[in-house]
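Written out below as structure tokens is the structure these notes cover.
The values are calculated or read from the model by the stated rules, or taken from the named source; none is laboratory data. Every value quoted in this text rests on a predicted model; they were computed, and no experiment measured them. Because the Cβ atoms are built from the backbone with ideal geometry, glycine has one as well, and the counts that use them run over all protein chains shown. Accessible surface areas use protein heavy atoms only, side chains included; no ligands, DNA or RNA. Shrake-Rupley method; radii C 1.70, N 1.55, O 1.52, S 1.80 Å.
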Amino acid sequence: MYHQWSQMTFIHWRYPPSRVQALLPDHLMVETFDGTAWVGLTPFLMRGVRVPGVPALPWLSTFPETNLRTYVRDARGRTGIWFLSLDVGRLPAALGGRGGYWLPYYWSDMSVDAENGHIRYRCRRRLPGPSGARCDVEMEIGVPLTASERDELAHFLTARHRLFTVVAGRPAAALVEHPPWPLHHAHLTGLDQDLVQAAGLPAPEGHPVLHASPGVPVRVGMWSW
């Protein structure tokens, strides 16, 4: 699949590794930084979704998405993302993600509104349940990170180039190709969510680590075993 991840916001919280490990399949281990696991809420706008050789369709190929994710390592030492949920604003995308990529996609009522450095994301889950799970985020986007501000934690939380899943009972992974994220500072001005709790985690505590990005072009490969 080819697409553009646009108007991306990364919101990350620390969690005890044991809490996150309990949600993972046996073949994956939670990856930690500074001794803790990290759970990320990442709302964004998906653009230009298409398969090779097929043009993007205006309505079908552009829609909001909000992912809940954590970071893991497999038995071969490969690192990547494990998705706890993926909410999308198009029913065909949700069905295709579940059927074609075996990922926990949900069809949701969603919107992304951006103006003058301010972004508002809205999400209300429809199908499958729990119906009504929500995520409303308001962000102010700041200046780009300097080279010194692109530290090890920023790299750990954003530079991810592999997805993990389970396909028909078998562990699988897919490569994700994209250039480095152009990261900006971000300020959270509003958050009302329970997607984290719907995934089986306690409500996040403390101040999150925030990053924002105008986006990158992405290619997601086929699953391999």
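Annotations for the structure displayed:
- Within the range 135-148, the set of residues being of a type outside the set (A, V, I, L, M) and modelled with pLDDT of 95 or more comprises C135, D136, E138, E140, G142, P144, T146.
- Criterion applied to L45, L23 was being among the aliphatic types (A, V, I, L, M), more than 14 Å from the chain's Cα centre (by Cα) and open to solvent by less than 60 Å² (accessible area, probe 1.4 Å), and the one residue passing it is L23.
- Of all the residues in the range 1-40, those that are of a type outside the set (V, I, T) and in a strand (DSSP E or B) number 18.
- Qualifying positions in the range 108-118 - free of Cβ contacts under 8 Å to residues at least 12 places away in the same chain and either hydroxyl-bearing (S, T, Y) or touching a strand residue (DSSP E or B) at 6+ places or on another chain (Cβ under 9 Å) (or both): D113
- Among the conditions (1) of a type in the set (A, V, I, L, M, F, W, C); (2) open to solvent by 40 Å² or more (accessible area, probe 1.4 Å); (3) within 24 Å of H211 (Cβ to Cβ), the only one that L84 does not satisfy is (2).
- Meets criteria (modelled with pLDDT under 95 and part of a strand (DSSP E or B)) for R47: yes
- Of all the criteria given as (1) open to solvent by less than 70 Å² (accessible area, probe 1.4 Å); (2) closer than 17 Å to H3 by Cα, the one not satisfied by V72 is (2).
- Filter result for the condition that a residue is hydrophobic (A, V, I, L, M, F, W, C), at pLDDT 95 or above and farther than 26 Å from D113 by Cα, over A186, A199, A173, A168: A173
- Annotation note: Cβ proximity below 7 Å between a residue of the range 119-136 that is of a type outside the set (S, T, N, Q) and a residue that is crowded, with 20+ Cβ neighbours inside 10 Å and in a loop (DSSP other than H, G, I, E, B) (sequence gap 6+ or interchain) occurs for R125/A133.
- When G97 is tested against (1) free of Cβ contacts under 8 Å to residues at least 24 places away in the same chain; (2) open to solvent by 50 Å² or more (accessible area, probe 1.4 Å); (3) over 23 Å from P204 (Cα atoms), just one condition goes unmet, and that condition is (2).
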